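Before any comments, here is the structure.
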């Protein structure tokens with residue numbers, strides 16, 4: 001800006017103050033426009049800069065002609081680390097152990113402040129998410145999209161996609177009506193989150209920088225539902241938006257009760273039948289049948305363990321007719 005103003009004749013002795021004002025405005029406008037600023041900058045300070053530059057040339061002190069007098073202040077996070085270098089790392093590790101590394105900076109900041117307020121040995125931290133974020137980046141922290149490995153497309157799959165695209169292009173070029181049918185699972189939980197990784201500091205133990213991935217069950221088991229939809233090309237003249245059909249096609253299924261983690265039998269097939277509630281029809285030979293012998297018959301027939309056989313109970317439960325039911329604990333019934 002100063003060079004532009006001098007080239008426009010700012011330092012001519014015949015210029016009045018109003019003329020210098022017009023020259024500096026033109027110089028600041030030109031430079032601000034070329035540099036991409038949204039507003040004109042430097043209008044109020046360019047006169048002071050030019051005077052300082054002339055004095056420096058006259059006195060010979062050009063090394064410090066535009067040096068700023070403001071020395072800056074130490075940030076709040078740096079002052080905390082000067083007093084206790086490991087305190088912020090301890091707070092961060094404590095929070096991520098509880099919330100996990102997929103939590104937001106707002107949640108991390110809130111829990112760090114609450115934890116420091118509960119400790120009498122340290123003062124309460126006055127934090128916000130921007131302070132924590134800048135400290136996290138300064139320590140070399142990174143945010144990674146996901147720790148789940150995603151497979152790459154194979155050459156065969158790429159070729160199939162190209163052939164499919166060429167086929168669709170041929171159909172659309174002939175104005176053939178094409179209907180797209182697709183189904184989609186909607187999950188209540190997912191592991192596809194952004195995880196935060198803070199490198200281990202010199203004073204921390206090995207392994208403390210391990211990422212705490214949220215422990216969830218497989219995608220085959222959480223509560224979910226599937227929808228199927230059919231769409232085609234919209235037709236504006238007929239007020240048709242292209243939506244043909246959408247319906248929920250998944251069915252309600254009640255999960256088996258809490259017997260998945262129990263092993264009732266050494267045989268995998270028999271144990272799965274017991275856990276899945278598989279019913280087995282057994283009949284009494286006569287009314288005077290001994291229930292103890294009946295219990296032993298069940299134990300021998302299904303090769304149950306002795307501790308399981310002792311827990312068998314006989315109960316009559318009426319649905320459409322009376323049926324003799326055998327209960328193992330409170331989870332498994334044999335009919």
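Arranged from fewest to most other beta-carbon atoms within 10 Å of their beta carbon, 241, 306 become 306, 241. With neighbours defined as other Cβ atoms within 10 Å of a residue's Cβ, the residues 181, 25 order from fewest to most as 181, 25.
Remark: 37, 136, 105, 203 ranked as 203, 37, 105, 136, counting other beta-carbon atoms within 10 Å and listing the fewest first.
Potential lengthening of the chain between residue 39 and residue 19 amounts to 5.0 nm, from the contour at 0.36 nm per residue minus the alpha-carbon distance. The calculated FRET efficiency for the pair residue 47 and residue 228, based on their C-beta separation and a Förster distance of 51 Å, comes to about 0.10. Taking R0 as 22 Å, what's the FRET efficiency between residue 144 and residue 98 from their Cβ-Cβ distance, rounded to 0.05? The formula returns an efficiency of 0.65 here.
A short reminder: the numbers here are calculations on the coordinates, not readings from a lab. Values in this document were obtained by computation on a predicted structure and should not be read as measured data. Cβ coordinates were reconstructed from backbone atoms using ideal geometry, including for glycine residues, and neighbour counts include every protein chain displayed.
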